[in-house]
Amino acid sequence: MKKQFKELPGIVKRLAEASSEAAYQELFNILYSPLRKFAFCMLHSNEEAEEVAEDVLVTLWRKRKTLSDINNIHVYALVIAKNLSLNILQKRSRYNTASLDEIDVSFCFDNSTPEQIIIDNELKKRLENAIQSLPPKCQLVFKLAKENDLSYKEIGEVLSISVKTVDAHLVAATQKLAKIFKEEFQIK
């Protein structure tokens with residue numbers, strides 16, 4: 001678990017006990033990006049993902065007095081984000097709208113030379129295309145594990161699936177990605 005997530009219990013305690021705006025700002029700084037990335041995995045829209053992340057954080061502020069009762073605020077926030085995202089998807093399916101947003105790849109590469117920048121950008125595109133080719137649930141589990149650094153248990157809680165199902169999705173994703181890259185780079 002990332003260091004910043006280990007600080008959450010203390011931040012939540014300050015937020016719940018004193019309604020500290022400084023604690024809320026810390027909570028916002030820690031959770032906003034993972035919430036936005038998670039929502040983007042489901043919605044494929046930057047605007048809607050940002051809206052979901054902001055709505056989750058507003059909800060946390062409104063419920064600040066009861067947050068100390070929550071065991072894992074990170075997972076709790078992700079569950080709220082999942083539910084809000086599902087609501088948006090449900091509304092979207094009623095109106096048959098589609099998002100045309102560009103995908104925001106959050107991988108960091110060391111870009112030291114112009115040639116390296118070109119190579120890194122190409123690798124990012126190939127990797128994102130490979131990830132996008134995964135089945136939706138598999139893709140979501142993979143991104144939660146690799147981009148949001150969630151444990152199998154946390155992913156299971158967020159998606160309401162068992163740890164074994166999380167493991168099965170990750171194994172399938174890894175095997176499919178390995179197959180794609182072996183074919184693409186002609187590795188035996």
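Considering region 116-136 alone, what residues qualify as being surrounded by 12 or more Cβ atoms within 10 Å (Cβ to Cβ), under 18 Å from Ala178 (Cα atoms) and of a type outside the set (Gly, Ala, Ser)?
Leu123, Lys124, Lys125, Arg126, Leu127, Glu128, Asn129, Ile131, Leu134, Pro135
Of the conditions (1) modelled with pLDDT under 85; (2) closer than 17 Å to Phe28 by Cα, Leu127 fails just one. Which one is it?
Among (1) modelled with pLDDT under 85; (2) closer than 17 Å to Phe28 by Cα, the lone unmet condition for Leu127 is (2).
For region 119-154, which positions are of a type in the set (Phe, Trp, Tyr) and over 16 Å from Thr174 (Cβ atoms)?
Residues of region 119-154 of a type in the set (Phe, Trp, Tyr): 142, 152.
Matches in region 119-154: none.
Being among the hydrophobic types (A, V, I, L, M, F, W, C) and under 11 Å from the mean Cα position of the chain (by Cα), is that true of even one residue in region 56-69?
Looking through region 56-69, none of the residues is among the hydrophobic types (A, V, I, L, M, F, W, C) and under 11 Å from the mean Cα position of the chain (by Cα).
If you take the residues of region 1-10 that are closer than 12 Å to His74 by Cα and at pLDDT 85 or above, which of them is surrounded by the fewest Cβ atoms within 10 Å (Cβ to Cβ)?
Initial filter on region 1-10 (closer than 12 Å to His74 by Cα): 1-2, 4-9.
Next, only the ones that are at pLDDT 85 or above stay: 7-9.
Values: Glu7: 13, Leu8: 21, Pro9: 15.
Per the stated criteria, the residue is Glu7.
In region 24-69, what residues are of a type in the set (A, V, I, L, M), within 18 Å of Leu8 (Cβ to Cβ) and out of contact with any His (no Cβ under 9 Å at 6 or more places or on another chain)? Break it down stepwise before answering.
Step one: list which residues in region 24-69 are of a type in the set (A, V, I, L, M), which gives 27, 30-31, 35, 39, 42-43, 49, 52-53, 56-58, 60, 67.
Then keep just the ones that are within 18 Å of Leu8 (Cβ to Cβ); that gives 27, 30-31, 35, 53, 56-58, 60, 67.
Within region 24-69, Leu27, Leu35, Ala53, Val56, Leu57, Val58, Leu60, Leu67 qualify.
The values are calculated or read from the model by the stated rules, or taken from the named source; none is laboratory data. Owing to the predicted nature of the structure, the values given are computational and were not obtained by experimental measurement. A quick note on method: Cβ atoms are made from the backbone with ideal geometry, for glycine too, and the neighbour counts reach across all protein chains shown.
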